[in-house]
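Undergrad: Dropping a structure here in structure tokens format, bear with me for questions.
The values are calculated or read from the model by the stated rules, or taken from the named source; none is laboratory data. Predicted, not measured: the structure shown is a model, and the values here were computed from it. FYI the Cβ positions are ideal-geometry reconstructions off the backbone, even for glycines, and counts take in every protein chain you see. Please note that ligands, DNA and RNA were not included when accessible areas were found on the heavy atoms of the full protein model with its side chains. Shrake-Rupley method; radii C 1.70, N 1.55, O 1.52, S 1.80 Å.
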Amino acid sequence: RGLGRMAGAGSGDAASVLVVGADADGVAPSLLLTCDRGSKRQYLFGCAEGFSRLALEHRVRPTGKLRACFLTSFHPNACGGLGGTFLRLSGDGHGDLLVAGPSGVGAHIRALRRFVRFRHPQVTALRLVPPAAAVDAAANPDDDHVAQSYEDDSICVLPLFKRFEHANECQLCEMEAEAKRKRKREKDGAEEEEEEEEEEEEEEEEEAPNKMPPPHNPTPENYFLGYAVCVKGAGDDEPGPTFLVLDCGDAAAAKEAGEHPTVGCCLLGKHRCAAVFHATAADVQIHPAYDVCTWRCQSDALRQKWRDMCAVCTHPDPRRYLPTHVNCVVANEVGFRAGARTLARLECVHGRYFPTPLAHRFPYKPPLTPPKMPPSPHPRRVDGSLCTRVRLRVDEADPDVGVGARESRGIAEADQTTERPEELDIEAVQGETRRLMRDASIAEVEGERFDGNPPGFAHFPELLFLGTGSAEPSRYRGSSAILIKRAAHSTDEGNVLLDAGEGCAGAMKRYLGHDEAQRAIRDLKVLWVSHQHPDHMLGVRGVLASRRPQTSGSGLNPGDVLTIVGPRSLKEWLEESPNPPGLARPWRFVHSASVYAEGFGGGPFRTPQSFPQRQPPPPPPPMPPAMFPPPPMPPPHPGSGSNGYFLPRRADDTPAKKLARHAGLSRFEALPVRHCPEAAAVVLGGGAWQIAYSGDCRPSVELARLARNVDVLIHEATFDDSLADHALRKRHSTTGEALRMARQCGERTQAVLTHFSQRYPRGVGVESVDLDGEGAGAGAP
């Protein structure tokens, strides 16, 4: 039978759903629907953080036929990849895109435009509201389009609202009943249509006293339980399959999804429901409240309806009419496999500095044989692993076999292998790497010494490079992010995150494991964002969402505040973008210009070594002598300074010093650099170490002066020396310029290069770098 339900006769595939997600990399599932008939349009359900890079690596990016994207909430697992997807679609020349979602979808898109610059696609926001709120569209005063559902000539999408379904009627039942009435009116003519409308109005007036009143607050909350999607057939008389997408944010939402009338109908296989896609997070799926949605435990009402169906069904296995359940959150599913193989090769060179994550050694692999049908009354289940294609179609009803009504049924066939990428085999990759090293006489680095550095760095924090790419991420490199993880024995210092490109929270989970990543994010004291480009700040909301206290013993109190330092556009984005209920985390913002080191100021996009300083204005003319004596001085104010009128500012009261104390550091100073408005570099240090981070910039004499004799200089090296003119035009640095910056910082300073252009997928050669700036061939340190 394959992995899905088969049928002897059918009308062909109506649509297919591709699952794109990787739990081991922290990329929540997104579903790409492709209609196989007519215009071949595509629709995206969910756009998780990291989706764009994952789709790029496995060549499953949306095509130019992408019509709309549907969001269930504003959690980064549901919408964190929108910014990167917009930029990817812009590069592909995409024309128009509709983004539909809960209340606040327009505000979310406008907030993204604070720093995500694109002309195309032309994005339209559609706010989906329940019927009770449709008449009160002014409750949320923005310029979004407002509708109760989305419909075009290929699909019809119905949002599953929370707390607004007061009637016991299924939305799909109401839609099909309305469609029948419409066809009957068209057939019977206008006269009978008027009579029926009058009769319906009389019935509504009689039933009005018995109806439950609308909710007091008709404004919907900014998240859904999921979507019910109806794929249209070739004609009105040939309906297509239906499927559910469930994304419940917590146990309360899971309970309401189990009681939702539309979900109940679809779980019984009505309305040609072929599949139920579970995009709900794993920690919610294991909650007992979600068992109704997965059919592990039926509610009393659902169990009675199932018994009634079985009583009239003449087929030996009534479960053939139930939809296939697709679990889209698959444990240990590794998505970024090109980077995993690179890391495995580096471990062969130095195992201590490049350890292979546990998930890479034990990745998920689909079963070799189709799973057996579970015991009754459970329906068929399948893992929605990476690039699983679920094909949907409708099978005509058998007149001799039925469930009380001759209705066609939906069928889902899941294919886990055809489009699945090559499986990850770390042992084979490392075996081949070690063989090549033996042939080239390259020995593995052993002991505590690495690259000539002296031992004794017990007090030095760990530097974890979560992403070293520039602009858009590639299959080999993620967006910029560096975690300064405090030393194991240090209790005063906190962790610091330097930049937060898209997917940085997932990268922590990949490299550190789930529990250790949660501790690292919990211990964050400062998040530094060097400038307002998407590849350096799109992952901030993902970090904030990951700081929620999971359990009572997580060690994170609700009042813990994360200090975010960066440009003004970062603050505006965080304040204007809506947060899902219960996930708004406490944070405070510090403008990066307020922590400039003394004597290193200059305003946005103005550096002393690159631009002439403006001459100060002439002093004002002297005031004429007073004709009357001045009034007497007022008495000193209690608690004022020694002179009674002002308190001189102490050196340890500066914002930079306060920030350093908050993070448990001895130094935290910044300075403006030449790249874009409000771009800045930072120098920070603890008791026995100092690190400088350039961000994106041109070489800066002032940075070399501020970072004098630091232990490590992390400097961008976007281009190699052959593209020096390109680096100058883009306001970036070359490899040689970055290494020369480290030499100017002092003899003890070690250089670490990052932020490489995606034109260098594997690495940048440094063997012919000119460290003196006079010619090639000087060699790299």
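Undergrad: From (1) more than 30 Å from F86 (Cα to Cα); (2) at pLDDT 95 or above, pick out the condition that doesn't hold for R434.
TA: (2)
Undergrad: Which of the following residues is modelled with pLDDT of 95 or more and either within 19 Å of A471 (Cβ to Cβ) or small (G, A, S) (or both): H715, H726?
TA: Working: H726 fails: modelled with pLDDT of 95 or more.
Being modelled with pLDDT of 95 or more and either within 19 Å of A471 (Cβ to Cβ) or small (G, A, S) (or both) holds for just one of H715, H726, which is H715.
Undergrad: Only one of these conditions is not met by H360: (1) in contact with a helix residue (DSSP H, G or I) (Cβ under 6 Å, 6 or more places away or on another chain); (2) open to solvent by 20 Å² or more (accessible area, probe 1.4 Å). Which number is it?
TA: (2)
Undergrad: Which of the residues that make up the stretch 480-533 are free of Cβ contacts under 8 Å to residues at least 12 places away in the same chain and over 19 Å from the mean Cα position of the chain (by Cα)?
TA: First, pick out the residues of the stretch 480-533 that are free of Cβ contacts under 8 Å to residues at least 12 places away in the same chain: 488, 491, 514-516.
Matches in the stretch 480-533: A488, T491, D515, E516.
Undergrad: Go through the stretch 86-102 residue by residue and tally those that are closer than 21 Å to H533 by Cα and open to solvent by less than 10 Å² (accessible area, probe 1.4 Å).
TA: Here the count works out to 2.
Undergrad: Name every residue in the stretch 255-284 that is under 24 Å from the mean Cα position of the chain (by Cα) and under 11 Å from H325 (Cβ atoms), in order of residue number.
TA: Residues satisfying the conditions are V276, F277, H278.
Undergrad: G687 - would you say it is surrounded by fewer than 19 Cβ atoms within 10 Å (Cβ to Cβ) and not in a helix (DSSP H, G or I)?
TA: Working: surrounded by fewer than 19 Cβ atoms within 10 Å (Cβ to Cβ): yes; not in a helix (DSSP H, G or I): yes.
Criteria met by G687.
Undergrad: Given the structure, is R61 under 24 Å from C328 (Cα atoms), of a type in the set (K, R) and crowded, with 19+ Cβ neighbours inside 10 Å?
TA: Values: under 24 Å from C328 (Cα atoms): yes; of a type in the set (K, R): yes; crowded, with 19+ Cβ neighbours inside 10 Å: no.
When the stated conditions are applied, R61 does not pass them.
Undergrad: Just to be sure, is M537 open to solvent by less than 20 Å² (accessible area, probe 1.4 Å), modelled with pLDDT of 90 or more and under 20 Å from C697 (Cβ atoms)?
TA: Numbers: open to solvent by less than 20 Å² (accessible area, probe 1.4 Å): yes; modelled with pLDDT of 90 or more: yes; under 20 Å from C697 (Cβ atoms): yes.
The answer is yes for M537.
Undergrad: Something else about it: State whether the residues of the stretch 704-715 include one that is free of Cβ contacts under 8 Å to residues at least 24 places away in the same chain and under 33 Å from the mean Cα position of the chain (by Cα).
TA: First, pick out the residues of the stretch 704-715 that are free of Cβ contacts under 8 Å to residues at least 24 places away in the same chain: 705.
Narrowing further to those that are under 33 Å from the mean Cα position of the chain (by Cα): none.
Taking every residue of the stretch 704-715 in turn, none turns out to be free of Cβ contacts under 8 Å to residues at least 24 places away in the same chain and under 33 Å from the mean Cα position of the chain (by Cα).
Undergrad: Separate question: Which one is farthest from R475 (Cα to Cα) among residues in the stretch 745-758 that are out of contact with any Gly (no Cβ under 9 Å at 6 or more places or on another chain), of a type outside the set (A, V, I, L, M) and buried (at least 17 other Cβ atoms within 10 Å of the Cβ)? Please lay out each step first, then the result.
TA: Filtering the stretch 745-758 for residues out of contact with any Gly (no Cβ under 9 Å at 6 or more places or on another chain) gives 745-753.
Then keep just the ones that are of a type outside the set (A, V, I, L, M); that gives 745-750.
Next, only the ones that are buried (at least 17 other Cβ atoms within 10 Å of the Cβ) stay: 745, 749.
On the way: C745: 34, T749: 31 Å.
Looking at the filtered set, the residue picked out is C745.
Undergrad: Here is a follow-up. Taking the stretch 319-335, which residues are without any contact (Cβ under 8 Å) to a residue 60 or more places away in the chain and over 30 Å from L424 (Cβ atoms)? Outline the logic, then answer.
TA: At the first step, the residues of the stretch 319-335 found to be without any contact (Cβ under 8 Å) to a residue 60 or more places away in the chain are 322, 325, 327.
Within the stretch 319-335, just L322 meets the criteria.
Undergrad: Consider the stretch 330-355. How many of its residues are in a loop (DSSP other than H, G, I, E, B) and over 25 Å from the mean Cα position of the chain (by Cα)? Reasoning before the result, please.
TA: Pass one, the stretch 330-355, residues in a loop (DSSP other than H, G, I, E, B): 330-336, 350-355.
Right, trim to over 25 Å from the mean Cα position of the chain (by Cα) and you get 350-355.
Summing the residues that are in a loop (DSSP other than H, G, I, E, B) and over 25 Å from the mean Cα position of the chain (by Cα) in the stretch 330-355 gives 6.
Undergrad: Which one of these is closer than 21 Å to V20 by Cα and assigned to a loop (DSSP other than H, G, I, E, B): P377, P363? I'd like the intermediate steps shown before the answer.
TA: Working: P377 fails: closer than 21 Å to V20 by Cα.
Just one listed residue meets the conditions, P363.
Undergrad: Which members of the stretch 18-37 meet the condition of being of a type outside the set (A, V, I, L, M) and in a strand (DSSP E or B)?
TA: G21, P29, S30, T34, C35, listed by residue number.
Undergrad: How about the stretch 501-532: which of its residues are assigned to a helix (DSSP H, G or I), out of contact with any strand residue (DSSP E or B) (no Cβ under 7 Å at 6 or more places or on another chain) and within 26 Å of H662 (Cα to Cα)? Walk me through it before giving the result.
TA: Taking the stretch 501-532 first, the residues assigned to a helix (DSSP H, G or I) are 504-512, 514-522.
Imposing the further condition that a residue be out of contact with any strand residue (DSSP E or B) (no Cβ under 7 Å at 6 or more places or on another chain) reduces the set to 505, 509-510, 512, 514-519, 521-522.
If the condition is that a residue be assigned to a helix (DSSP H, G or I), out of contact with any strand residue (DSSP E or B) (no Cβ under 7 Å at 6 or more places or on another chain) and within 26 Å of H662 (Cα to Cα), then A505, K509, L512, D515, E516, A517, Q518, R519, I521, R522 are the ones that fit.
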